[in-house]
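The values are calculated or read from the model by the stated rules, or taken from the named source; none is laboratory data. Worth saying up front: this structure is predicted, and the values here are computed from it rather than measured. Methodologically, a virtual Cβ is constructed for each residue, glycine included, from the backbone with ideal geometry; neighbour enumeration extends over all protein chains shown. Heads up: the accessible areas ignore ligands, DNA and RNA and are worked out on the full protein's heavy atoms, side chains in. Shrake-Rupley method; radii C 1.70, N 1.55, O 1.52, S 1.80 Å.
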Amino acid sequence: MSAAFHILQVLVCACMALAAAFAGAQAYPAKPVRVVVGFPPGAGVDITTRLVTPRLAEALGQQFIVDNRPGAAGNIGAEVASKAVPDGYTLLSASAPIVMSPALYKSLNYNLERDFEPVALMASAPFVLVLHPSVPAKSVKELVALARSRPGQLAYASTGSGSTPHLSMELFKAQAGLNMIHIPYKGTPQAVPDLLSGQVQAMFANTLSVLPQVKAGRLRALAISSVRRSAAIPELPTVAESGMPGYEAGTWFGLFAPTGTPRDVVNRINAEINRIMATADMKARLLDQGADPVTGTPEQFRAFVKGELAKWSKVIKAVGMKAE
């Protein structure tokens, strides 16, 4: 009889534990959630994050507050988020530079694979190669010819040493055999004004940040960096089809959580992100700015990140680049 009673006690305790876990999952979030962005307001990852967070707030009944921590190609923000309590109330919204930093920097104060749990890939976007209108080049071939005729005279902007736009132009330079001056900025919002004023002549920038300027005629777009043309600007050729076969670069935006964040929280945020990205409104908003929504599981995002780490490590070593 005592044995049966003991078994009953164990079952009751197990049921109570399951009920508590279920109640905890249902209660999340019980307070505002901080979303750290390692780039300034106006950067592509910031734009995407600010499109998504109000919809998350509406769905989950709590504020999702964007906390911009710019600097070091997103590494300052990543370090801040990596040290947060893994309870689901701090997330990191990151972009492609986070998979490049391990190969670029001698030491980082965080480890992407060890310190973060991939939650959801939100969107992807090619870069667009843009010029100040004063540059007398109307195509990639003309830009290459011009840069070769003026070695060390044309300056290009990036969102920081080691950033994706920086690496994209370095790959472009290496493939075309060009000598151009690199002018790093803290982010796209700081770089674009100098590009618009002509202080720098060129840039690989994400479509979300510069497409409005291109449409207004304040910048000239030559090509996009993806393998295929963009549905947002189908008239624009790819770099690869413009005389540089094999060229490919771009960026993406995704949410991470500190390692140890409860799995049910990760899954719930992932499910909401997938639902948001599948809505017609979000698809239209992103497409209007040259980006494509992405959906998938946390496991698929983890596999994607692992592949990107390997890919860019090989590229960076081949180019022989280190962060300045």
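Descriptive notes on the structure:
- Positions within segment 210-247 being under 16 Å from Phe172 (Cβ atoms) and open to solvent by 70 Å² or more (accessible area, probe 1.4 Å), in sequence order: Val227, Glu241, Pro245, Gly246
- Conditions (1) farther than 25 Å from Ala323 by Cα; (2) out of contact with any strand residue (DSSP E or B) (no Cβ under 7 Å at 6 or more places or on another chain); number of the one not met by Glu79: (1)
- Scope segment 153-189; condition touching a strand residue (DSSP E or B) at 6+ places or on another chain (Cβ under 8 Å), within 20 Å of Ala43 (Cα to Cα), open to solvent by less than 10 Å² (accessible area, probe 1.4 Å) and of a type in the set (A, V, I, L, M, F, W, C); matching residues: Ala157, Met169
- Qualifying residue in segment 190-197 (condition: closer than 28 Å to Ser101 by Cβ, touching a residue at least 40 places away in the same chain (Cβ under 8 Å) and surrounded by fewer than 22 Cβ atoms within 10 Å (Cβ to Cβ)): yes
- Candidate set: segment 116-153, residues that are closer than 19 Å to Arg218 by Cβ and of a type in the set (A, V, I, L, M); chosen: the one nearest to the chain's Cα centre (by Cα): Val128
- Residue count for segment 104-124 satisfying the condition of being assigned to a strand (DSSP E or B) and modelled with pLDDT of 95 or more: 7.
- The set of residues in segment 253-269 that are out of contact with any Phe, Trp or Tyr (no Cβ under 8 Å at 6 or more places or on another chain) and either open to solvent by less than 40 Å² (accessible area, probe 1.4 Å) or more than 22 Å from Pro29 (Cβ to Cβ) (or both) comprises Phe253, Leu255, Thr261, Val266, Ile269.
- Residue, surrounded by the most Cβ atoms within 10 Å (Cβ to Cβ), within segment 270-281, restricted to residues that are in contact (Cβ under 8 Å) with a residue 24 or more places away in the chain and hydrophobic (A, V, I, L, M, F, W, C): Ile273
- Among (1) of a type in the set (Gly, Ala, Ser); (2) in contact with a Gly (Cβ under 8 Å, 6 or more places away or on another chain); (3) farther than 21 Å from Lys322 by Cα; (4) not in a loop (DSSP other than H, G, I, E, B) - the single one Ser101 does not satisfy: (3)
- Residues of segment 16-50 that are modelled with pLDDT of 90 or more and open to solvent by 40 Å² or more (accessible area, probe 1.4 Å): Ala30, Lys31, Pro32, Arg34, Pro41, Arg50.
- Close Cβ contacts (under 8 Å, 6 or more residues apart or on different chains) running from residues in segment 37-60 that are at negative phi and touching a residue at least 40 places away in the same chain (Cβ under 8 Å) to residues that are among the acidic types (Asp, Glu) and open to solvent by less than 10 Å² (accessible area, probe 1.4 Å) comprise Val37/Asp46; Phe39/Asp46; Pro40/Asp46.
- Tallying residues that are among the polar types (S, T, N, Q) and not in a loop (DSSP other than H, G, I, E, B) within segment 125-181 yields 5.
- Residues of segment 73-110 that turn out to be open to solvent by 50 Å² or more (accessible area, probe 1.4 Å) and under 17 Å from the mean Cα position of the chain (by Cα), as a count: 3
- Of all the criteria given as (1) within 26 Å of Leu112 (Cβ to Cβ); (2) loosely packed, with under 15 Cβ neighbours inside 10 Å, the one not satisfied by Arg302 is (2).
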